[in-house]
Amino acid sequence: MAYDKFTILTSTCVPLPIENVDTDQIIPARFLKAIERKGFGDNLFRDWKFNSDNTPKKDFVLNNPTYKGKILVGGKNFGSGSSREHAAWSIYDYGFRCVISSFFADIFSANCLNIGVLPVRVSEEFLNVIFESIYNNPTVELFVDLPNQVVRIPELNLSESFNINDYKKNNMLNGYDDIDYLINMKKSITDFANTTPL
Amino acid sequence: MSTTLFDKVWDSHVVNKISNGPDVLFIDRHLIHEVTSPVAFIGLKNRGIKVMYPEKTFATADHNTPTINQHLPVLDALSANQLKVLEHNSNEHGILYWGLGHKKNGIVHVVGPEYGITQPGATIVCGDSHTSTHGAFGAIAFGIGTSEVEMVLSTQCIMQPKPKKMRITINGNLSKGVTPKDVALYIISKLSTAGATGYFVEYSGEVFTKMSMEGRMTVCNLSIEMGARGGMIAPDNKTFEYIKDREFTPKAEKWEKAMAYWKTLKTDDSAIFDKEISFEGGVITPMITYGTNPGMGMGISNEIPKVKDQNSASASYFKSLSYMNYNEGESMLGKKIDFVFLGSCTNGRIEDFRDFAKIIKGRKKADNVTAWLVPGSHLVEKAIKDEGILKILNESGFELREPGCSACLAMNDDKIPRGKYAVSTSNRNFEGRQGQGSRTILASPLVAAAAAVTGIITDPRTLF
Ligand code: SF4
C-alpha cells in the first residue's frame, strides 16, 4: 500500500480563488533540491506566504487562522506548468487530502492521484457557490464522498457529482498504486518488450 | 480504419487496456535528470527491485548545474548532492550517465535528439514537462511525475488514459522576422494555457512542413504551455536526414527496416480528430508576453489588452499585470529591460544562436543589459564556435556560458534579481520562475537580440 486510503472526507476548506495557479507558485524551483520526499509542506506557496525578508504576508490565506482544513479550493486551471510531483507532495505534506477546482492541468491531477490527493473537478457555478459559502461562514464543512462521487455542502443542502475513472477510484479507495498493479503483470510486459523494435 | 499519427504510435505501444481505466503503455525511451529522479530510486529500493531495462533509460545532469566554471566542484551543497545521487543511482543500476563535464552533457531535451535517442514512432517520457519537444520527430513524448518515473524504472510502462486528439493546421508563409517561437506563442495566446488540456496535438500544414527540425522542436516543446499532454509532427525527409548516422539511431539493414516503418507514420486523409483548429501563417508577427503565464502574449507592436477584452477573471488579470508593473492598454515597445536570457530546451539550439547573432552583428550590447547566453548542450556550444558565432558575440560584448537549464528555472545561480525585467527565450513567465520577484518577458531569439542591443523592447524587424 502506497498511501492512506481515501473514502469520505468531511472538512472545512481553505479558499484560493485565483486562476492559473501554477506549479512554480505551489512549490518554487529552489526547493526542489531535496533527494528525499521530506519537508515540502513547509514551502507550499512559499513566495505567496512570505515576504523576501521571511516575514509572513498577512493577507495570504495560509497565514489567516480563520481558514483551515484538509480541502484546498482553487480557481480555474489549477496546477498548470511543470510536471514536478513536488507540487502535489507539498500539498499533501501540508495536510490537504483534496483539491477542488473547476479545471485542473493534466499532469498535476495525475500526480495528485498517484500520491493520494483527490482532485475534484466541479462546475464553475458550483465552485463559486463553494467560495461564497466559505466566505460567508469559514467553519462550513464540505463532504467529499468518493464512493458515490459526490461533493456536498450539507449546510446549504447542495451537491454536485464528479468524475473519476473506476481504476483510479479503486486505487484511492484502497490506497493501491500503479506500480503494484504493473509488477503483477510483468510477464506480459516482458513478452511485449520482446516484440518491440526499439 | 483511418487513423491519426498519434493513434498509430499509441496503439502500437499498448500492453494492456484496463476497462474504464488507463492504458498500460510501453515506454521505449526514458530520460532522467537529477531533480525528479532521486525519490523514484528510493521507491525502487523500498520495494527491493532493480531497474527493469536499464538500457532504455538515459541520465543527464542539467537542471541545477552551474553554467560557469563547470570544471570546478559545484559550490551549492544541495545541488552537488543531487548530482552525486544521480551519478550513484545511474551507476548502481547500469544506466548511461552524461554528468557535468561529460562531453555529451546538456539539457535533456537537447541531447536526446542530438544523439539519436529520440526517434520517430517511439514513446518517450521524462520527469520534465517539456519532454513534448521530442514530438518533433513523430514520437509520442510527454512529461511525467516522480511516481511515474518510478513506474518506468521498475516496469518500463506507465498507466495513462488515452488523451483526445487535436490537430492544429497552419498554412501559408511566415513573414520575415517571424520564428517558430512566435508561431507557438501565437497559438498559446489564442488557445490560452488550458486550451489544449486533455488533448495530444498534431501540428500540420505548410508552416510546419517548411520548418527546420530545430524549429519543430521549439513548437512541440511549447505544446505543454497550451495545456496539451504533448505535440507531434509527422516525420518526413527532414526528420530522417536529421537523425541519420547519429549515435543511437539504427544502422545499415536496421536503418532500412526502421525507415520502412517510419514512412508509414502519418495521419490518414480521412482520420478524425476530436478537435481541429487552423490559423493563417501570414498573420503571425513577432510575439511577446506581457503577463505571468505564456498565454498572455501578443504581437510585439500591439497594446496590452484591456481587462474587458480578455478572458481571465479581472482579479487574476490585474494581479498578473501588477506583478509585471504594466498597465492595460500600454504598448510594450520602448520599455526598459535589464536582462536577456538566450537558452533553454525551447530556444537553446544552434539555429537560435544564429538568429541572435544575425541581429547583434556589428552592434554593441546595451550597457543596461546583463546577457546570459547559454547553449543547450556541448554540441551546440561547439557549433557556435565552429560557425564563427562566438566571435560575433564577443565582438559585440557578449559572452557565452556553459550548457544547462540555467535561468529557465533558476535552480542554479543564474537568477534574475527581484523586480528586474528579463527578455527570455525560455518557456515560462510565471511569477518568480527565473528568481524570486523576477519579471519575465517571453520572446524569440530575434526579439531577445533586439532587446540586448537596444536595452529596451524593440521590434527586431526594425534592425534587419
Ligand atoms: S530548460 Fe527549462 S524547461 Fe527545459 S528541461 Fe531545463 S528546466 Fe525544463
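About the Cα centre of region A:8-195, what is the dipole size in debye to 20, counting +1 per Lys and Arg Cβ and -1 per Asp and Glu Cβ, all else neutral?
Working: 19 positive and 23 negative charges, 96 e Å.
Rounded to the nearest 20 debye, it is 460 debye.
Given R₀ = 25 Å, what would the calculated FRET efficiency be for B:LEU96 paired with B:ASP245, taking r from the Cβ atoms and rounding to 0.05? If you can, show how the numbers build up before the last one.
Details: r = 19 Å, r/R0 = 0.77.
For B:LEU96 and B:ASP245, the calculated efficiency is 0.85.
Assign one of three labels to region B:366-464, namely rounded, prolate or oblate, based on the Cα gyration tensor with a ≥ b ≥ c the square roots of its eigenvalues; rounded applies when a/c is under 1.5, prolate when it is not and a/b is larger than b/c, and oblate otherwise. Spell out each step's value before the answer.
On the way: a/c = 1.89, a/b = 1.20, b/c = 1.58.
Verdict is oblate for region B:366-464.
In the structure displayed, which of B:LYS104/B:LYS358; A:LYS58/B:LYS335; B:LYS176/B:LYS210; B:LYS164/B:LYS308 lie more than 21 Å apart, Cα to Cα?
Numbers: B:LYS104/B:LYS358 27 Å; A:LYS58/B:LYS335 32 Å; B:LYS176/B:LYS210 14 Å; B:LYS164/B:LYS308 32 Å.
In this structure, B:LYS104/B:LYS358; A:LYS58/B:LYS335; B:LYS164/B:LYS308 lie more than 21 Å apart at Cα.
Report, ordered by chain and residue number, the aspartates and glutamates lying within cross-link reach of B:LYS391, taken as a straight Cα distance under 15 Å and ignoring same-chain residues fewer than 8 apart.
B:ASP355, B:GLU381, B:GLU399
Take the alpha-carbon centre of region A:122-191, take the same for region B:331-358, and report the distance between them in whole Å.
43
Show the residues, 5+ positions off or on another chain, whose built amide H is closer than 5 Å to the amide H of B:PHE58.
Placed amide hydrogens put B:HIS30, B:LEU31, B:ILE32 under 5 Å from B:PHE58.
In percent, what relative contact order does chain B have, based on Cα pairs under 8 Å that are 6 or more apart in sequence?
Reported as a whole number, the value is 17 percent.
For each of B:THR346, B:THR209, A:THR195, B:THR131, count neighbouring Cβ atoms within 10 Å of the residue's Cβ, then give the residues from fewest to most.
Details: B:THR346 30, B:THR209 14, A:THR195 8, B:THR131 27.
Exposure proxy ranking, most exposed first: A:THR195, B:THR209, B:THR131, B:THR346.
Counting DSSP beta bridges with both partners in region B:288-463, what percentage is antiparallel, nearest 5? Before the final figure, lay out the partial values.
Working: 4 of 16 bridges.
Just about 25 percent of them are antiparallel.
Can you give the average number of partner chain beta-carbon atoms within 10 Å of each beta-carbon in peptide B:147-154, as a whole number?
Working: counts 13, 8, 2, 5, 7, 1, 1, 4.
So the per-residue partner count for this stretch is 5.
Once you have the Cα-Cα distance between B:SER322 and B:LYS308, take 0.36 nm times their residue separation minus that, and quote the gain in nm to one decimal. Walk me through the intermediate numbers first.
Details: separation 14, 0.36 × 14 = 5.04 nm, distance 1.64 nm.
Gain on extension, B:SER322 to B:LYS308, equals 3.4 nm.
How much of the calculated P(r) for chain B lies past 40 Å, in percent of all Cα pairs?
Numbers: 16863 of 107416 pairs.
Within chain B, distances greater than 40 Å cover 16 percent of Cα pairs.
Please state the shape class of the protein assembly as shown: rounded when a/c is under 1.5, otherwise prolate if a/b exceeds b/c and oblate if not, all from the C-alpha gyration tensor.
Numbers: a/c = 1.43, a/b = 1.12, b/c = 1.27.
Cα axes put the protein assembly as shown in the rounded bin.
Cα centroids of region B:179-247 and region B:385-434: how far apart, whole angstrom?
Centre-to-centre (Cα) distance: 23 Å.
Loop only by DSSP, 10 or fewer other Cβ within 10 Å of the Cβ. Give me the trypsin sites (Lys or Arg not before Pro) in region A:52-115 that pass, ordered by residue number. Don't skip to the end; give the middle numbers.
Working: sites: A:LYS57, A:LYS58, A:LYS68, A:LYS70, A:LYS76, A:ARG84, A:ARG97; in loops: A:LYS57, A:LYS58, A:LYS68, A:LYS70, A:LYS76, A:ARG84, A:ARG97.
Filter output for region A:52-115: A:LYS58.
With r as the distance between the Cβ atoms of B:LYS361 and B:LYS17 and R0 = 60 Å, compute the FRET efficiency 1/(1 + (r/R0)^6) and round to 0.05.
Efficiency, from the Cβ-Cβ distance: 0.60.
Report the antiparallel proportion of the DSSP beta bridges in the protein assembly as shown as a percent, rounded to a multiple of 5. Don't skip to the end; give the middle numbers.
Numbers: 25 of 78 bridges.
Beta bridges within the protein assembly as shown, antiparallel portion: roughly 30 percent.
Can you figure out the FRET efficiency of B:MET259 with A:THR195, using R₀ = 25 Å and their beta-carbon distance, to the nearest 0.05?
The computed FRET efficiency comes out at 0.80.
Mind running the shape call on region B:288-463? Use the C-alpha gyration tensor, a ≥ b ≥ c as the square roots of the eigenvalues: rounded below 1.5 for a/c, prolate if a/b tops b/c, oblate otherwise. Walk me through the numbers on the way to the answer.
On the way: a/c = 2.15, a/b = 1.64, b/c = 1.31.
Because a/c hits 1.5 or more and a/b exceeds b/c, region B:288-463 counts as prolate.
If you wrap chain A's Cα atoms in a convex hull and average its projection over all directions, what's the area in nm²?
Values: hull surface 52.2 nm².
Averaged projected hull area, Cα only: 13.0 nm².
Applying the Karplus parametrisation 6.51 cos²θ - 1.76 cosθ + 1.60 with θ = phi - 60° to the phi angles of region B:120-127, what ³J(HN,Hα) value in whole Hz is obtained for each residue in order, glycine and proline being reported as x?
x, x, 8, 9, 10, 10, 7, x
What does the extension gain come out to for B:VAL283 and B:ALA252, with contour length at 0.36 nm per residue minus their alpha carbon separation?
Length difference between fully extended and current span is 6.7 nm.
Given the options A:ASN64, A:ASN174, A:ASN111, state which has the largest fluctuation in a GNM of chain A using a 10 Å cut-off (strictly under) for Cα springs.
Ranking A:ASN64, A:ASN174, A:ASN111 by mean-square fluctuation puts A:ASN64 first.
Within 10 Å of each candidate Cβ there may be at most 13 other Cβ atoms; applying that plus a DSSP loop requirement, which GluC sites (Glu not before Pro) in region B:203-251 survive? Don't skip to the end; give the middle numbers.
On the way: sites: B:GLU206, B:GLU214, B:GLU225, B:GLU241, B:GLU247; in loops: B:GLU247.
Sites meeting the loop and neighbour criteria: B:GLU247.
I want the antiparallel fraction of DSSP beta bridges within region A:8-195, as a percent rounded to 5. Write out the running numbers ahead of the final one.
Working: 12 of 25 bridges.
Antiparallel bridges make up about 50 percent of those DSSP assigns within region A:8-195.
Greater than 29 Å separation of Cα atoms is the criterion. Which listed pairs, A:LYS38/B:LYS165; B:LYS17/B:LYS56; A:LYS57/B:LYS420; A:LYS33/B:LYS162; B:LYS45/B:LYS165, meet it?
Details: A:LYS38/B:LYS165 38 Å; B:LYS17/B:LYS56 23 Å; A:LYS57/B:LYS420 21 Å; A:LYS33/B:LYS162 32 Å; B:LYS45/B:LYS165 37 Å.
Over 29 Å Cα-Cα: A:LYS38/B:LYS165; A:LYS33/B:LYS162; B:LYS45/B:LYS165.
Can you tell me the relative contact order of region B:5-160? Whole percent, Cα pairs under 8 Å, sequence separation 6 or more.
Numbers: 284 pairs, mean separation 50.7, N = 156.
It rounds to 33 percent for region B:5-160.
Can you give me the long-range amide H partners of B:LEU100? Hydrogens built in the peptide plane at 1.01 Å from N, cutoff under 5 Å, separation of 5 or more residues or another chain.
B:ALA61
Amide H of B:ASN16 versus every other amide H placed in the peptide plane: which residues, excluding those fewer than 5 positions away on the same chain, fall under 5 Å?
Answer set, sorted by chain and number: B:VAL24.
None of the figures in this text is laboratory data; all of them are computed from the coordinates on show. Here the structure is a predicted model, which means the values were calculated and not measured. Please note: Cβ atoms are built from the backbone with ideal geometry, for glycine as well, and neighbour counts cover all protein chains shown.
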